[in-house]
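This report concerns only the one structure given below.
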């Protein structure tokens, strides 16, 4: 395959611009990131700066890889991370545009690498069940309906990649936050902190500079783990309930 | 420290095996709450072991600093574990017990693991499940709402807890959330995008680390009363492995160079069910969970002439279900080392399938007929999808093609019962240590060990050391030791940057991987290992004269990070070959072709090699020195391992 790549470069000698590269002899069975490895190997041999991009597990689970490919986070395939995308998806001679995940809350570090630590701070704000090591009751003491556990799992499958933010015209982190709120709110273990959790996580999400949700649903369409927007509906309900139905009577 | 000073003391508590841990916990010195506040602990790595250790130590009240080179603690490679986690809960009433989990692990490890550590692991396994459920880990459940189990290789009971095919992800997210809670509470300070590049030794004790801020390139000194390395395994020395691309040996190797002995470096696990290599461009291999062998049947054509035929055109009578034939009692669920070697033997005999001839079939047709497509989809749906994405084949219709690949390293830093290395104050937990799996790890035991170490072992054992540090006061970092270590790190970075050769770190790494896979991989022999040692030395020479690292050292530079890691792999690789060459026996994942039974099984030599080989670093271009920890089996009767 022959390809033309237009890649966003930022940092070093680049102020923030698209640079065009040509690649030849690309095997259609290569993964997308292996194609970028080939380009980087070529750039290093020419003593040029290789393109910085993030990756690690290359099997679609760690959430490190990102990239907006031809306008779509993680590229054109549904339910697929960039690292699981193979070149057979593209046409010989195609021009591919590659950009970082863009959002105010995800500042660019270099080229295609962005800072997603805002997600960690949202989890730190309340995305957990407060149980110290050693305090746990016997695991089977609380039966959980299979269906409920399964729904909690669907939400917990989020890999924290940030595609939902990159896909959203408002750069909202609602799907990410809602997935964690849902995962924990659905389980009996998560009930005690249910209200506090949603209030704190939403407050942190706003503080980080993510936008509001306007029901575009691009997040669900682009999520590589196909997390449902119904989680956002659930979070809105959780939030409303927590905000209106206060525990304390002044 | 010189060789003569090193006396390996595993510090195994006295008393009957089943009472050792209880008795240890009852007698280990405690640190009072107000003293814990004055004690600093560094944890390197945020996988299952690191995140659980950092969270638990933070909960106890220590001042914890946790380091990860990733952007977020949740990225650690534990996240990619698929199949499950073992625990001796005996929920199935199928005869499981702590003793059986212990026994299966010792036997699975081919009698090269330490009894006391393994028994403790089996004991705390039940607490792990309780802890994770309380954190909200969404394990698979039955219709009655209770936890579900499945079987894994090397066992005859169902004791593996799982969360679809993403058990590692869910357990790591649980530990990450517990860690995040401590970060929010201020007991743990998180240093993301920081890589540990050396440990600092002061008066023979580990007193901190030198870390590089990967965004700015700045070197930082961090002092602490104890340092815990949870930096994972070193499978990527083979370049192609199932490990995440950035997984590396650097933290463990730098500790080794500072005096921590390295245990059984040649014990590597080759996992039987991976997607075969497809081309030279390949950057990593993808595992297909061992759980697939619950329902999938391994076969090759009986006649090599059929190897290129479409599998669905090969009739039942022309297929050889070689695992079921050779190992009737365990069948497709033999341990990993045995399944891998059996696949290799079939391919070596010319019966390998697929374009390269380096693959066997894993067939679900029977299971789909028996249980229906929906049930199989519920069990393995995500794995089938992943397979189809990578290969373009649909495993519901065509058997999967699989081949073994490097997956895990049983070897690692030598630690005693308390998980302390031979450097006082320096601990190693999880895959980074050598301790629990002997020469072969059983499926679903890595997650168990990582969390056991972090949640339930280290929080107790570290107190034995820290209780003596309560009067030490804060560790200053403006001392000559910190200064010297930082300078050595800076010099090495400078050296890497200024070689100015032609080859990228990646291309040199690929070449190292080929040497290791061909000569120190699934089958090894003395001649090949000697060649490998010479080739590794030559490659190391080439690395230090012909490497090119683009960019600068004072900025975000992934190529520099890679170069440093490859330099460490080039040193480790030689030690692995030396270890493999010295161990004149076959055991577990270490298969020396010279030592096998008439029917091709591993032939152990208990008389001469029933010990842990712990290697001491003596300097570049110096021969490492071997120290032996004899393995004493009080409880288990040693036998030839049989799964027939």
Tell me the mean residue ellipticity at 222 nm calculated for chain A from its helices only (DSSP H runs of n ≥ 4, each -39500 (n - 2.57), averaged over every residue, nearest 500). -10000 deg cm²/dmol
Please work out the Cα center distance from region A:191-241 to region A:93-160, rounded to the nearest Å. 12
Just for region B:480-630, what percent of DSSP beta bridges are antiparallel, to the closest 5? 80
Just need the relative contact order of region A:117-244 here, percent rounded to a whole number, with Cα pairs under 8 Å and 6+ apart. 35
With just the Cα atoms defining each centre, how far is region B:200-233 from region A:1-74? Give it in Å. 33
For chain B, what does the helix formula give at 222 nm: sum of -39500 (n - 2.57) over DSSP H segments with n ≥ 4, over the residue count, nearest 500 deg cm²/dmol? -11000 deg cm²/dmol
Over chain B, what is the percentage of antiparallel beta bridges among all DSSP beta bridges, to the nearest 5? 70
extent check for chain A: Cα max minus min per principal axis, descending, whole Å, gives 68, 37, 35
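What is region B:281-324 by shape, rounded, prolate or oblate, if you read a ≥ b ≥ c off the alpha carbon gyration tensor as root eigenvalues and call it rounded for a/c under 1.5, prolate for a/b larger than b/c, and oblate otherwise?
Cα axes put region B:281-324 in the oblate bin.
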Separation in nanometres of the label points that stand 7 Å from Cα toward Cβ, at residue B:467 and residue B:498: 5.0
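How many partner chain Cβ atoms sit within 10 Å of a residue's Cβ in peptide B:553-566, on average, as a whole number? Could you put the intermediate results ahead of the total?
Details: counts 0, 0, 3, 7, 5, 9, 5, 0, 0, 0, 0, 0, 0, 0.
Partner-chain Cβ atoms within 10 Å, mean over residues of B:553-566: 2.
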Taking only C-alpha pairs under 8 Å that are 6+ residues apart, what is the relative contact order of region B:480-630 in percent? 22
To the nearest µm²/s, what D does Stokes-Einstein give for region B:480-630 at 20 °C and 1.002 mPa s, using the Kirkwood radius over alpha carbon pairs as Rh? 123
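Over 35 Å apart: what share of the alpha carbon pairs of chain B falls there, rounded to a whole percent?
37
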Could you tell me the center-to-center distance, by alpha carbons, between region B:340-404 and region B:307-326 in angstrom? 12
Once residue B:30 and residue B:593 are pulled to full extension, the length gained, defined as 0.36 nm per residue separation minus their Cα-Cα distance, is 197.7 nm
Quick note, region B:271-407: a/c under 1.5 would make it rounded; otherwise a/b > b/c is prolate and the rest oblate (a ≥ b ≥ c, C-alpha gyration tensor); here it is rounded
Work out the FRET efficiency for residue A:6 and residue B:626 from their Cβ-Cβ distance, taking R0 = 41 Å, and round it to the nearest 0.05. 0.15
Equivalent-ellipsoid semi-axes of region A:3-99, from the Cα gyration tensor, Å, largest first: 20, 16, 13
Using per-residue counts of other Cβ atoms within 10 Å, averaged over each peptide, order A:146-154, A:11-19, B:293-301 from highest down. B:293-301, A:146-154, A:11-19
Acute angle (nearest 10 degrees) that the helix B:558-582 long axis makes with the longest principal axis of chain B, alpha-carbon atoms: 70
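If the viscosity is 1.002 mPa s and the temperature 20 °C, what translational diffusion coefficient in µm²/s does Stokes-Einstein give for region A:81-225 when Rh comes from Kirkwood over Cα pairs?
125
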Quick one: compute the contact order of region A:57-181, relative version, from alpha carbon pairs under 8 angstrom and 6+ residues apart, as a percent. 25
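Rg to Rh ratio, region B:137-295, alpha-carbon atoms and Kirkwood radius? Provide the component values of the computation, followed by the final result.
Values: Rg = 19.9 Å, Rh = 19.4 Å.
Result: Rg/Rh = 1.03.
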Compute the Cα gyration tensor for the protein assembly as shown, then decide on rounded, prolate or oblate, letting a ≥ b ≥ c be the square roots of its eigenvalues: rounded whenever a/c is under 1.5, prolate when a/b is larger than b/c in the other cases, and oblate in all that remain. rounded
Hydrodynamic calc, region B:47-166: Kirkwood Rh from Cα pairs, then Stokes-Einstein at 10 °C with viscosity 1.306 mPa s, so D in µm² s⁻¹ is 99
C-alpha long axis of helix A:32-45 to longest principal axis of chain A, angle in °: 50
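Bear in mind these aren't lab numbers, they're just calculated from the coordinates by the rules spelled out. Keep in mind that this is a model prediction, so the values were computed, not measured. Please note: Cβ atoms are built from the backbone with ideal geometry, for glycine as well, and neighbour counts cover all protein chains shown.
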